[in-house]
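Scroll down for the structure; my scribbles are underneath it.
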Amino acid sequence: MAVKEDLVSKLMEVLDLLKRLDGVDSAVLTYEGLPLKILNMDTSEAEALSAIISEELVRLSKYSHIGKVNYVVINRDGISLYARIVDPRTMLIVNCDYGLMGLINSVVDQVINNKVVKCSNCGFNLTLQPIKCPRCGKSIPLIARVCPFCKVSIDARECPNCGKLVTHEGTLVKKSYAPLALFGGIGAGTFIADLIIAYGLGLLERAASILILPGVISIALIGLGIYFYKTQYRMW
């Protein structure tokens, strides 16, 4: 009984994540065919979904070449259903966008197998956290490498606990100083070059007025370098 309660508790946490994601219409956690927890549907709908999945599993069991599966994906009447058979009695059914199903399955795998992704800096559990896609703004699982909606690659995301940039595996991301060096170097170099030219032409007395525009350009380039350095993993 304790094992069952622990498993159900973990799946409840997955449901808490699902309700914060875009593209998830509804979900139900069932035990022995009966709804334990329901998200965005009534009991009759939950029982109907459970019946659909059970029917599909019976159909699949007739094919000897199909090995033991831990989840099924069903497209019926325009509805995409993901069903994770956690054990013979426990099942998680999710009505969601087709592109999310692989991510949801990864989340369930990590949670029930106690292999959640943790921030390498603070140890915070990242598997059960959502993030906003930097391009389309959709709420997706933090562990996603690619947004399932707009397909943009996500190089880094902030840990919700410590704020450090991490990969989808929780390892720290080190920022490159290349943007800062490039734009900062060009900006500083431009100003110094103009100063040398003014000196060579004997115009140092008028340097204040002559170097106003180059100075503004140099400051703008240095500022651009700082901006790109700080936002390099949030731009596409």
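The values are calculated or read from the model by the stated rules, or taken from the named source; none is laboratory data. These numbers were taken from a predicted model, which means no experiment stands behind them. We place every Cβ from the backbone using ideal geometry, glycine too, and count neighbours over all the protein chains shown.
Number of residues in the stretch 26-38 that are more than 10 Å from I93 (Cβ to Cβ) and either loosely packed, with under 15 Cβ neighbours inside 10 Å or in contact with a Leu (Cβ under 7 Å, 6 or more places away or on another chain) (or both) equals 5. Identify the residue in the stretch 109-133 that is of a type in the set (K, R) and in a strand (DSSP E or B) and, among all such residues, is surrounded by the most Cβ atoms within 10 Å (Cβ to Cβ). Only one residue tops the list, namely K118. If S153 meets every condition in (1) within 16 Å of L17 (Cβ to Cβ); (2) surrounded by fewer than 16 Cβ atoms within 10 Å (Cβ to Cβ) apart from one, which number is that one? In the conditions (1) within 16 Å of L17 (Cβ to Cβ); (2) surrounded by fewer than 16 Cβ atoms within 10 Å (Cβ to Cβ), S153 misses (1) alone. Where strands (runs of 3 or more DSSP E) fall wholly inside the stretch 1-88, the ranges with 1 or more residues that are under 20 Å from P130 (Cβ atoms) and either modelled with pLDDT under 75 or among the basic types (K, R) (or both) are 34-39, 79-85.
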